[in-house]
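**Q** Below is one structure. I have some questions about it.
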Amino acid sequence: MKEGRTLRPFVSSILRDAKALELPLRNQLEYAFEALDWRIQAQLKKPTAETTLEKFMEQLDNREKVDDVTKNYLKMGQQHVSKQTSRQIIAVESTPRIGVSGTIYGLFSG
């Protein structure tokens, strides 16, 4: 599955194939669950006899909402770190210090 794509189309195609084999709903859901990567499985409840198609798909949607929030949070964190790093480099480059022995610190030799 490609980055940025949702699980719903992937799972729907698996369910469609399982339904074509005339498998009961529970088996269809288990088949779809087992086709998912283990990291995704770890975030979902394994289908049981009481699991409906709607509940299973709702789980997938909720998981993706959490993923979206997490990705946005991490992206904001990376931007914050990037801004801090660039400020720190500029501060070092623009504010040289002279040590006790007369050595100049904070300038890059190039």
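Any read-out appearing in this document is the output of simple, stated calculations on the displayed coordinates, not a laboratory observation. Note that the coordinates shown come from a computational prediction; the quantities given were computed from them, not determined experimentally.
**Q** What is the extension gain from Arg26 to Ala42, computed as 0.36 nm multiplied by their sequence separation minus the C-alpha to C-alpha distance, in nm to one decimal?
**A** 3.9 nm
**Q** Multiply the residue gap between Val66 and Arg16 by 0.36 nm, knock off their C-alpha separation, and tell me the result in nm, one decimal place.
**A** Contour length minus Cα-Cα distance gives 15.4 nm.
**Q** In whole Hz, what ³J(HN,Hα) sequence does segment 44-49 give by Karplus (6.51, -1.76, 1.60; θ = phi - 60°), x for Gly and Pro?
**A** 10, 8, 5, x, 10, 5
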